[in-house]
1. Tally the residues that are touching a residue at least 40 places away in the same chain (Cβ under 8 Å), within 13 Å of chain A (Cβ to nearest Cβ) and either out of contact with any strand residue (DSSP E or B) (no Cβ under 9 Å at 6 or more places or on another chain) or not in a loop (DSSP other than H, G, I, E, B) (or both), restricting the search to segment B:411-444.
2. Can you name every residue in segment A:97-130 that is under 15 Å from the mean Cα position of the chain (by Cα), over 12 Å from residue A:164 (Cβ atoms) and surrounded by fewer than 21 Cβ atoms within 10 Å (Cβ to Cβ)?
3. Could you list, in sequence order, the residues of segment A:160-184 that are closer than 12 Å to residue A:130 by Cβ and touching a helix residue (DSSP H, G or I) at 6+ places or on another chain (Cβ under 6 Å)?
4. Of the residues that make up segment B:445-454, is at least one farther than 22 Å from residue A:192 by Cα, touching a helix residue (DSSP H, G or I) at 6+ places or on another chain (Cβ under 8 Å), part of a helix (DSSP H, G or I) and modelled with pLDDT under 95?
5. So residue A:129 passes all but one of these: (1) away from every other protein chain (no Cβ under 11 Å); (2) in a helix (DSSP H, G or I); (3) farther than 21 Å from residue B:329 by Cα; (4) touching a residue at least 24 places away in the same chain (Cβ under 8 Å). Which condition number does it fail?
6. Do we find that residue A:90 is free of Cβ contacts under 8 Å to residues at least 40 places away in the same chain, buried (at least 18 other Cβ atoms within 10 Å of the Cβ) and more than 14 Å from every other protein chain (Cβ to nearest Cβ) in this structure?
7. Just to verify a result, which residue in segment B:315-328, among those that are at negative phi and at the interface with chain A (Cβ under 10 Å from one of its Cβ atoms), is farthest from the chain's Cα centre (by Cα)?
8. Which ones in segment B:379-395 are within 9 Å of chain A (Cβ to nearest Cβ) and either farther than 12 Å from residue A:176 by Cα or in a strand (DSSP E or B) (or both)?
């Protein structure tokens, strides 16, 4: 016959093991819930400024269109920095694993220059263009998403020029023309066409 | 005077230097600063097998040619390698091999093989001499093996593509070359000859390397192979052009008719006399860079083209990688040929702007298209995403304002946008009628904005619910080409006659 104190000891140990298992299971779920998704956004200096609502035009490969997405991001008072933060927020969406329009990892907007009257120059890093998926619509969605997001949130932008690594480039990845200036009104027309598409 | 000459040690030292020494020094130093000659061509080994055709870099060690064995075997089956000190062990399928750094003997299974030169192990990468492939490869590959070491072309199995060449003595004479498998060579013309270079195709030599035809216009064709490539050179006393048929199995070479010279790439067009430049018109037939391309006009009384069909990309520019094997440039070329035939069948005269694996710059494409004074330009593209067909008209850039009779090159399309939209709409209606998914969009896609006629780009996507490999399906391509041709033929009256 097993001594009573031994039975009690075994029962306590089993209860402790069960309690520990339940605790570990609960903690595991909580960690999975709070674990941030891998953020491959480039390192940027911290931005100070109040949170402001912005409108992002996000490309969607599934529908081949741009959809409007609201967001709230900290925006500095400087117009140029605001523009850079806007596109960084947009790129944050594209660099996420669940992105509807994936861009190459480490894609980055190096700088944006606002030149009056009405010109914005977007300087992308080389990876952005070198590893971008090729295709007329693929490339056009990327370019128009950048331009439309900028124009929708920074008043007064009429024309946009896109550089890669500070230099002019013939096209983004073999199709979308980067040698010319983009007319914001023409981009607007494309966005309307794309959104109207089935 | 004399005292001035003798003052100071430097002058004294200079006198001690022999007079010829500066010249010797200059001769020693000068070659380092002279511009280098053309870089030596990279050595390549081409491998043709049933599993894949591929090309590998050949490196030189101690005056001998070497190739990476792992890279050579990788496309042929499962292979792995590991290095252990001076030993390099490789496993291909179930066969084990062992090589030792700087040793000419290797163990393949239980057999000792003489490599003919020492094995080289560099950073874990095993290099074997090319001379060893003949004794080594029969252990890996079943079937016949044919290795032309001088030309660095390796045939594994019965994979060779044979060809025949037959000259029909007509006016003009035509040389018809039939191949046992589809080919897609790079074609270039030079004064007195047309060269076809086969980069990937296992084209093998005919019974005699030089074929003679007893004709003054096309007297002979010569087959040669070197550095992993095969080349057929057709000699001629007239300008030649090549056209493809029979799904790439037939190449017909004939004299260039005057009105098809525009289809030749720049290096050929540059040889066309300046007298053939088109007459100046109100539109910008040429890009801002002067004299980049010379193209013929369409003389009065000769056939005018209604449509110009432009297969995008080509040559080194492969476009979108639609699948591991299928490149956009190949789909667009096949589609261009089909569309051309379908248009001609409907009585719509058309010109294929790129009818070989050559590449044209966007300015050249626009220049050539504008010079034909056709009523419609159709640029062809392909993509793996989405389904059906996307039609694009030009999204004109900002700032390209036309000023009086002077038309900005980047906005040359502006006057023709309504026609382009009408053409796209007509073609879209025809596609919808055939229940092919279609979208009409604007796009910042050159050279649409440089074309002085109705211009649209067609992006072909896979059929609904199908894989991108279906873009290469002859049935699908034929359906789209026929539908596009129907759409163009229906719009013929609205777009007007060739200008």
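1. 8
2. Selection gives A:97, A:98, A:99, A:100, A:101, A:102, A:104, A:105, A:106.
3. A:164, A:165, A:172, A:173
4. From segment B:445-454, those farther than 22 Å from residue A:192 by Cα are B:447, B:450-454; that's our starting set.
Those left that are additionally touching a helix residue (DSSP H, G or I) at 6+ places or on another chain (Cβ under 8 Å): B:447, B:450-454.
Within this subset, residues satisfying the condition of being part of a helix (DSSP H, G or I) are B:450.
Subset that is modelled with pLDDT under 95: B:450.
The answer is yes, given that some residue of segment B:445-454 is farther than 22 Å from residue A:192 by Cα, touching a helix residue (DSSP H, G or I) at 6+ places or on another chain (Cβ under 8 Å), part of a helix (DSSP H, G or I) and modelled with pLDDT under 95.
5. If we test residue A:129 against (1) away from every other protein chain (no Cβ under 11 Å); (2) in a helix (DSSP H, G or I); (3) farther than 21 Å from residue B:329 by Cα; (4) touching a residue at least 24 places away in the same chain (Cβ under 8 Å), just (3) comes out false.
6. Values: free of Cβ contacts under 8 Å to residues at least 40 places away in the same chain: no; buried (at least 18 other Cβ atoms within 10 Å of the Cβ): yes; more than 14 Å from every other protein chain (Cβ to nearest Cβ): yes.
Judged against the criteria, residue A:90 is not a match.
7. Restricting attention to segment B:315-328, the residues satisfying the condition of being at negative phi are B:316-318, B:320-328.
Going one step further and asking which of them are at the interface with chain A (Cβ under 10 Å from one of its Cβ atoms), we end up with B:317-318, B:320-322, B:328.
Numbers: B:317: 7, B:318: 8, B:320: 14, B:321: 15, B:322: 17, B:328: 12 Å.
For segment B:315-328, the residue satisfying everything is B:322.
8. Within segment B:379-395, the first condition is being within 9 Å of chain A (Cβ to nearest Cβ), and the residues that meet it are B:381-386, B:390, B:392, B:395.
Within segment B:379-395, B:381, B:382, B:383, B:384, B:385, B:386, B:390, B:392 meet the criteria.
The values are calculated or read from the model by the stated rules, or taken from the named source; none is laboratory data. Remember, it's a predicted structure, so these values are computed and weren't measured experimentally. Glycine gets a Cβ as well: all are built from the backbone with ideal geometry, and neighbour counts include every protein chain shown.
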